[in-house]
Each structure stands twice: as structure tokens, then as C-alpha cells.
Amino acid sequence: MARVTDGTEKKTCMEIMLPIQDSLEILKGKWKLPIIVSLSFGSKRFRELAREIPKITDRVLSKELKELETNHLITRTVHDTFPPTVEYEITEHGLSLEKVIMAMKDWGLEHRKKVTGK
């Protein structure tokens, strides 16, 4: 990002800050991005997600899945089986986060190197 010094700094700052705040509001917490990453590798049932994401509780996973579904990042499908089978899948809108996630992964790797020297 280039610094703007022509008197439009405040407007430009807000033009950047507002959509970032919107993004953070939707993706806040430590579990939403790991859930999205997991589902980007294919649809999964609740138990599969719980096993794939270490240390997440069932209660928190359930809450996060509902919020992701509300924001159209994932879908929940109930299959007509006995007992009912529920599958979660990432949406096209959820897949649009790929560049953001990969940029975060790359930055995280560089940051880890800088901090740990490895």
C-alpha cells in the first residue's frame, strides 16, 4: 500500500478500513478460517470436521458452522437417511476467500521464519 499525502488520506484510509472491518467481523475468531480451509478440500460431516480441527469443541463448531452458513460461505445439507446425515460444503462465495487464505499462509510462513529464525 502506498501512502497518500495529497490531503485524501482520511478518505482513502476509510475506504480501506471499512471493508477490512466487514471481513474481520465475518471471519473473526480462531475457528472460522480452519473450518473454511477444511471444507475447501471437500464436503464433510460434523464429526469429520471435529476430528480434522484439533481442540475445537462440538458446541463451538456448531456455532461457527451456523455463522458461516448465515454468511453464505458454506451450505448445510440434510440427507433423507436414518439417522439423518448432515453434510457441510463450501460455497462459491466461500471459495472466493482462497487468495486471502493463501496470502495469510504465505505471510504466516515468512513471519514464523522471521520470529524463529527457521
Tell me whether segment 41-51 contains one or more residues that are in contact (Cβ under 8 Å) with a residue 12 or more places away in the chain and of a type in the set (Asp, Glu). no
Could you go through segment 9-29 and let me know if any residue there is at pLDDT below 90 and either basic (Lys, Arg) or not in a helix (DSSP H, G or I) (or both). yes
Might you let me know whether segment 56-65 holds any residue that is within 21 Å of GLU98 (Cα to Cα), open to solvent by 30 Å² or more (accessible area, probe 1.4 Å) and among the charged types (D, E, K, R)? no
Report every pair of residues separated by at least 6 positions or lying on different chains whose Cβ atoms are under 9 Å apart, first residue within segment 11-25 and surrounded by 10 or more Cβ atoms within 10 Å (Cβ to Cβ), second in a helix (DSSP H, G or I) and of a type outside the set (Asp, Glu). SER23/VAL100
Of everything in segment 30-67 that's of a type in the set (Lys, Arg) and assigned to a loop (DSSP other than H, G, I, E, B), which residue is farthest from the chain's Cα centre (by Cα)? LYS55
Do you know which residues across segment 52-70 are touching a strand residue (DSSP E or B) at 6+ places or on another chain (Cβ under 9 Å) and under 23 Å from LYS105 (Cα atoms)? GLU52, LEU65, LEU68
State all residues of segment 68-100 that are open to solvent by less than 60 Å² (accessible area, probe 1.4 Å), under 12 Å from ILE35 (Cα atoms) and not in a loop (DSSP other than H, G, I, E, B); if no residue qualifies, say none. LEU68, ILE74, TYR88, ILE90, GLY94
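The values are calculated or read from the model by the stated rules, or taken from the named source; none is laboratory data. Predicted model, so just to flag it, every value in this text is computed and none were measured. Heads up, the Cβs are rebuilt from the backbone with ideal geometry, glycines too, and the neighbour counts pull from every protein chain shown. The accessibility values were calculated without ligands, DNA or RNA, using every heavy atom of the protein model including side chains. Shrake-Rupley method; radii C 1.70, N 1.55, O 1.52, S 1.80 Å.
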